[in-house]
Amino acid sequence: MLLKIFFQQHFLERGNMAKGVYTTRSKELVRRETTSAYLFLLPSLVFFIGFVIIPMIICVYTSFFDSTMGKDAKDVFIGFGNYIELFRDGIFLKALKNTFVIVIISVPVVCIFSLWVSSVIYNLNDKVLSVFRCIFYLPVVTGSVAVTVVWKWMYNNYYGIFNYIGKSSGILKTNINWLGDERFALACIILILLTTSVGQPIVLYVSALGNVDNSLVEAAQVDGANEMQLFWKIKWPQIMPTTLYILVITTINSFQCFALIQLLTSGGPNHSTDTVMYYIYYMAFKMFRYGYGNAMGVVLAIFIAVLSAVQFRLAKEK
């Protein structure tokens, strides 16, 4: 009986809170639940503030200084000097161009290919679907170093598989130094990035297609809608939130392309594969120009924020 009275009072308080009526007891309940929630979040908040927020503030602050390791003098405030130098730096501009090329090619290709593959394999039975999920997701969970070593062997200009197939089929007359030729190096990097980026979007799209309201699909089929009309009128609007997430995440990952460059080309040949992320690493940790590197980091963050905001706005309008 006492337990019944307790639950009645508890749910009554909940009902009052839902209606916007707050008694002294309900206010106390809200306070305790809020406190408990923040206590559970506290470990993550500490790490987030300590390793994300504070470094971001230091990065922006240092970007206004000539902060170089090895100088006898202390850091010198130069205002926007680093930012002015950035847009006069030919290597940075080339790295920025390469970065945008990677983003413009990889983002739409990853999204379109992932959506197409997901639509094809979605109707397969569970066992076959699980096999395809595993195949496409395997490069995501495999270490980047291991994946890079395999691709480096495939691109090898003496015994790589691409040269072997090309010469065997008669397409190539001589071996090509894929990673050492300015004409092919960036395209090779983009190809690797595409193969390692489609796994997660495919898994997300399969899950999103599984959450489509079947009653709407069946109603459209009764009305005579074909497969294309079903997709664009029924399925596409319902998977739009997933598409927005994939667009934003893929854009950010493409802007932050670094490991492939570091392990395969180190920005060469002749800076043809330099990206902003790699150039930041080069200036900050090899040339020890931390202020200049931080200025590049701020510029990169602004570009990512603007593009993400545009994507959110376009998705909201649609």
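What to note about this one:
- Cα gyration tensor, segment 30-179 - rounded (a/c under 1.5), prolate or oblate: oblate
- Fraction of the pair-distance distribution of segment 209-256 above 14 Å, Cα-Cα pairs, percent: 57
- With all protein chains in place and a 1.4 Å probe, the accessible surface of the chain carries 68 percent carbon and sulfur.
- Considered as an equivalent ellipsoid built on the Cα gyration tensor, the chain has semi-axes of 44, 35, 18 Å, the largest given first.
- Å² of accessible area per residue within segment 86-176, as computed with a 1.4 Å probe and no ligands counted: 63
- Entries of LYS152/LYS173; LYS127/LYS233; LYS94/LYS316; LYS94/LYS286; LYS97/LYS233 with Cα pairs more than 26 Å apart: LYS127/LYS233; LYS94/LYS316; LYS97/LYS233
- With contacts taken as Cα pairs under 8 Å at a separation of at least 6 residues, the chain carries a relative contact order of 26 percent.
- By the Stokes-Einstein formula, at 0.692 mPa s and 37 °C, segment 166-229 with its Kirkwood radius over alpha-carbon pairs has D equal to 202 µm²/s.
- Convex hull (Cα only) mean projected area of segment 100-240, reported in nm² to one decimal: 11.4
- Take VAL203: with every protein chain present and a 1.4 Å probe, its accessible area is about 40 Å².
- Calculated FRET value between VAL101 and GLU33, using beta carbons and R₀ = 45 Å, to 0.05: 0.35
- Solvent exposure ordering (accessible area, 1.4 Å, most first) of LEU263, LEU96: LEU263, LEU96
- Computed on protein heavy atoms with a 1.4 Å probe, the accessible areas place VAL30, VAL222 in the order VAL222, VAL30, largest first.
- Column: log10 I(q)/I(0), Debye, Cα scatterers of segment 178-269, q = 0.14, 0.18, 0.20 Å⁻¹: -0.66, -0.83, -0.93
- Taking N as its residue count, the alpha carbon Rg of segment 270-318 over 2.2 N^0.38 Å: 1.52
- PHE40, PHE92, PHE65, PHE303, reordered so the largest accessible area comes first (probe 1.4 Å): PHE40, PHE303, PHE65, PHE92
- Restricting the calculation to Cα atoms, segment 132-176 yields a radius of gyration followed by a Dmax of 13.7, 38 Å.
The values are calculated or read from the model by the stated rules, or taken from the named source; none is laboratory data. Nothing here was measured: the structure is a model prediction, and the numbers come from that model. Glycine also receives a Cβ, built like all others from the backbone with ideal geometry; neighbour counts cover every protein chain displayed. Note: accessible area is taken over every heavy atom of the protein model, side chains too, but ligands, DNA and RNA are not part of it. Shrake-Rupley method; radii C 1.70, N 1.55, O 1.52, S 1.80 Å.
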